[in-house]
Amino acid sequence: MPQRSVIPDPFKFAAEGRSLTGAIPLAELSRLADVLLDKSGEVQFSLAGEMGIDRKPRMRLAITGELRVRCQRCLSSMAWPLGVDVLFELVRPGQPIPEDELEEDEFDAIEATPDMDVRALVEDEIVLAVPIAPRHEECEAPRPDGGAVKESPFASLEKLRKTDSAE
Ligand SMILES: [Zn+2]
């Protein structure tokens, strides 16, 4: 059964400078199910609360791991190192997120609800971090003329069969 990681009071968590670490099996990241070629590993995360020098409550989330994804050029598997390091500023539920905060690249503002679901937050950040079209630094696209991929000796039979069934 997946364990839950919940922060009852995110503001207290930040004010007291608490931290939380854990690991999530890749198999439990349901929104990445279509992207991951290998779901046997896990990702590690650490979440640390802090008060900024401006006395604003923040949380730093770091996630590391290695994901197996499909290269969109050669279509084979590739290892993609996951490295997320984000600083969130906590905003009370219902409070408007200040516009000047949004312009700051230094951190993201998040609405911090009681019983904050850490695993959902981690999954959100991984989904945002995973590239839409990952590619090896160097590789070649499979050649459609069959130069790279040998044609199976059964391929011509397959074609015959398809012709037969089409008639
Ligand atoms: Zn490739």
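The values are calculated or read from the model by the stated rules, or taken from the named source; none is laboratory data. Keep in mind that what you see is a predicted model, and the values were worked out from it rather than measured. Positions of Cβ are backbone-derived with ideal geometry, glycine not excepted, and every protein chain shown enters the neighbour counts.
Per-residue answers, yes or no, for (1) charged (D, E, K, R); (2) part of a strand (DSSP E or B); (3) surrounded by fewer than 14 Cβ atoms within 10 Å (Cβ to Cβ):
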{"residue": "Q44", "(1), (2), (3)": "no, yes, no"}
{"residue": "L47", "(1), (2), (3)": "no, yes, no"}
{"residue": "R55", "(1), (2), (3)": "yes, no, yes"}
{"residue": "M59", "(1), (2), (3)": "no, yes, no"}
{"residue": "I63", "(1), (2), (3)": "no, yes, no"}
{"residue": "A79", "(1), (2), (3)": "no, yes, yes"}
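Of all residues in the stretch 111-138, those that are part of a strand (DSSP E or B) and charged (D, E, K, R) total 2.
The number of residues in the stretch 44-76 that are closer than 16 Å to P131 by Cβ, modelled with pLDDT of 95 or more and aliphatic (A, V, I, L, M) comes to 3. Is it the case, given these coordinates, that D85 is among the acidic types (D, E), modelled with pLDDT under 90 and away from the ligand (no atom under 16 Å from the Cβ)? In short, no.
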